[in-house]
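Asks: Sharing a structure with you now.
The values are calculated or read from the model by the stated rules, or taken from the named source; none is laboratory data. None of these values were measured; they are calculated from a predicted model. Cβ sites come from the backbone with ideal geometry, for glycine too, and all protein chains shown count toward neighbours. Just the protein is used for accessible areas: all its heavy atoms, side chains included, with ligands, DNA and RNA removed. Shrake-Rupley method; radii C 1.70, N 1.55, O 1.52, S 1.80 Å.
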Amino acid sequence: MGAEIRFGFRIVGLPAGCSAATVRFVSPHSNEAPLLRSGRGLVHPSGPTDTPERVLRAFARASVDFGTADFAELVAGCLDELARMPRTRGRVYAYAAPGHGAREAAPVNPMGPGELMGPGETVPVPEAGRFAMGWAEMVEALGIRVVRVPTDKQRPVDLGPIEAAHRLDRKRRIRCMLAVHVETSTGIRHDPRTLRVALDAACHPALLVVDAIAPLASIRLETDAWRIDGGVAGSQKGLVLPPGLSFVAARPCAPEVARTAGLPRRDWDRCCREEADSSERFSGTPPVPMIFALRGALDIPAEEGSATVFARHPRLAGAVRAAVARRGASGAIDVHCLDPDARADTGRALAFAPEVELDRRRERARERHGVGLGGAIGPFRGRLLRIGHLVDLDEAMVPGALGVLELVLRLSGVPHGRGGVGATVAALAGR
Ligand SMILES: *Cc1c(COP(=O)(O)O)cnc(C)c1O
């Protein structure tokens, strides 16, 4: 029985919502006894997040004629609701693309009335982590001059150099600063309010455009009140959808102004997206099932209420924190972010000593125990473990994932403080 499935057979956890199935699994990497695996898999990377059953069901609809007024109304309603989520009176434009699509669409289009970036202009980007650095590379490829503001990758961005870069810009070549709100690669939250304070201190009128792909719909984001001029978001994090849809929030701009200048753009152009016609709005065939699912996904935070959502994330984050504090007692494990106030409530990045061979531990958690944990990207590859704890998560899932992490560490002989799961339960119980 084991022989036929010994090689090349993998079950990477069953998606939540599937009924339990039993699989006899033989790891090709070890001499361990076959494991009778049953139950549901848990997905804990920082994205894509788990898609709840009701959203999956919303996908399962026959295709419709997307040229109808009904469908156009459905799209418009979703986009209006999406604008309310990060609390902006601006408009939301949708792109049938991953978050990277919106990250390119934002700088090549107007950020507000008459606010277009031209070739040769300067954009400062605080180098907070892999996602910030990737954005810098992207706009550079578009012909923009990027000023990379160096910053400690274990703390929130350093405001001094940001203020200085803007103070030195007497000729006002800087039109806009691009910054990442929650840098998923490090688990650090960079408060956009502090960035605006730095720009004000330099008496600089630069626009502030924020990558809010990770935190949207999970933690507080007040676009207008915090004087953020534009934002980008994606479908597969807080919105619990699969990847493939992304959004730009910006103030409306008269098409005659928007068409006058700026960077070259065609299908990313935002003017056509003002049209009610659905194929114009998406510059092609709209992703029809994704829109149905988006409608379903938007109903969830609307029902739970933003106050409850914003309270749940720190609560579950606190439970993870309690386990990590206990395990870190050995010195082989630590929290990556050195500033406790800047640790993102949407996910933790834990630093491991290289001897731990983290990627093998992650593989084991995934393949044998059905728990997907995030690895590191960029310079911390192999050294950081990322535990996403955002959105569709409860008191059963958090100790479940942490229990498997502890199990894997114990089986691999990695020194760690004991009692992490107990500390999680105590944190959830508030005592
Ligand atoms: C996930 C993520 C992205 C990338 O989104 P894609 O959909 O993969 O393009 C960008 N920025 C941040 C902060 C993210 O968390």
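Asks: Tell me, yes or no, whether region 268-281 has at least one residue that is within 16 Å of the ligand (Cβ to nearest atom), under 14 Å from Leu116 (Cβ atoms) and open to solvent by 10 Å² or more (accessible area, probe 1.4 Å). Steps first, answer last, please.
Replies: Here is the first cut: in region 268-281, the residues within 16 Å of the ligand (Cβ to nearest atom) are 268.
When the remaining residues are screened for being under 14 Å from Leu116 (Cβ atoms), the result is 268.
In the following step, the residues that additionally are open to solvent by 10 Å² or more (accessible area, probe 1.4 Å) were identified as 268.
Among the residues of region 268-281, at least one is within 16 Å of the ligand (Cβ to nearest atom), under 14 Å from Leu116 (Cβ atoms) and open to solvent by 10 Å² or more (accessible area, probe 1.4 Å), which makes the answer yes.
Asks: What are the residues in region 184-217 that are under 11 Å from the mean Cα position of the chain (by Cα) and small (Gly, Ala, Ser), if any?
Replies: Filtering region 184-217 for residues under 11 Å from the mean Cα position of the chain (by Cα) gives 184-185, 187, 211-217.
Result: Ser185, Gly187, Ala212, Ala214, Ala217.
Asks: Picking from Gly403, Gly374, Gly382, Gly388, which residue would you name as being open to solvent by 10 Å² or more (accessible area, probe 1.4 Å) and either in contact (Cβ under 8 Å) with a residue 60 or more places away in the chain or in contact with a Leu (Cβ under 9 Å, 6 or more places away or on another chain) (or both)?
Replies: Working: Gly403 fails: either in contact (Cβ under 8 Å) with a residue 60 or more places away in the chain or in contact with a Leu (Cβ under 9 Å, 6 or more places away or on another chain) (or both); Gly374 fails: open to solvent by 10 Å² or more (accessible area, probe 1.4 Å); Gly388 fails: open to solvent by 10 Å² or more (accessible area, probe 1.4 Å).
Being open to solvent by 10 Å² or more (accessible area, probe 1.4 Å) and either in contact (Cβ under 8 Å) with a residue 60 or more places away in the chain or in contact with a Leu (Cβ under 9 Å, 6 or more places away or on another chain) (or both) holds for just one of Gly403, Gly374, Gly382, Gly388, which is Gly382.
Asks: I would also like to ask the following. Name the residue, out of Leu199, Leu195, that is within 16 Å of the ligand (Cβ to nearest atom) and assigned to a helix (DSSP H, G or I).
Replies: Working: Leu199 fails: within 16 Å of the ligand (Cβ to nearest atom).
Checking each option against the conditions leaves just Leu195.
Per-residue answers, yes or no, for (1) within 16 Å of Asp229 (Cα to Cα); (2) out of contact with any His (no Cβ under 6 Å at 6 or more places or on another chain); (3) of a type in the set (A, V, I, L, M):
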site: Ala60; (1), (2), (3): no, yes, yes
site: Phe66; (1), (2), (3): no, yes, no
site: Ala72; (1), (2), (3): no, yes, yes
site: Ala76; (1), (2), (3): no, yes, yes
site: Leu79; (1), (2), (3): no, yes, yes
site: Met117; (1), (2), (3): yes, yes, yes
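Asks: Going through region 183-192 one residue at a time, which ones are open to solvent by 10 Å² or more (accessible area, probe 1.4 Å) and near the ligand (Cβ under 10 Å from one of its atoms)?
Replies: Residue satisfying the conditions is Thr184 alone.
Asks: Assess whether Thr68 counts as being polar (S, T, N, Q) and free of Cβ contacts under 8 Å to residues at least 40 places away in the same chain.
Replies: On the way: polar (S, T, N, Q): yes; free of Cβ contacts under 8 Å to residues at least 40 places away in the same chain: yes.
Yes; evaluated as a whole, the condition is true for this residue.
Asks: State whether the residues of region 327-337 include one that is among the basic types (Lys, Arg) and modelled with pLDDT of 90 or more. Walk me through it before giving the result.
Replies: Going residue by residue through region 327-337, those that are among the basic types (Lys, Arg) are 327.
Applying the additional criterion that residues be modelled with pLDDT of 90 or more yields none.
No, there is no match, as no residue in region 327-337 is among the basic types (Lys, Arg) and modelled with pLDDT of 90 or more.
Asks: For region 389-419, name all the residues that are part of a helix (DSSP H, G or I) and closer than 24 Å to Ile219 by Cβ. Lay out the reasoning, then the answer.
Replies: Within region 389-419, the subset part of a helix (DSSP H, G or I) is 397-411.
Passing the criteria: Met397, Val398, Pro399, Gly400, Ala401, Leu402, Leu405.
Asks: If you scan region 217-246, which residues turn out to be part of a strand (DSSP E or B) and away from the ligand (no atom under 11 Å from the Cβ)?
Replies: Gly230, Gly231, listed by residue number.
Asks: Could you say whether any residue in region 241-261 is modelled with pLDDT of 90 or more, open to solvent by 60 Å² or more (accessible area, probe 1.4 Å) and within 18 Å of the chain's Cα centre (by Cα)?
Replies: Scanning region 241-261 turns up at least one residue that is modelled with pLDDT of 90 or more, open to solvent by 60 Å² or more (accessible area, probe 1.4 Å) and within 18 Å of the chain's Cα centre (by Cα).
Asks: Next question. Taking the condition of being farther than 21 Å from Ile188 by Cβ and either touching a His at 6+ places or on another chain (Cβ under 9 Å) or open to solvent by 20 Å² or more (accessible area, probe 1.4 Å) (or both), how many residues in region 312-361 meet it? First the steps, then the outcome.
Replies: Our first condition is that a residue be farther than 21 Å from Ile188 by Cβ; within region 312-361, this holds for 326, 329-332, 354-357, 359-361.
Still in the running and either touching a His at 6+ places or on another chain (Cβ under 9 Å) or open to solvent by 20 Å² or more (accessible area, probe 1.4 Å) (or both): 326, 329-332, 354-355, 357, 359-361.
So the answer is 11.
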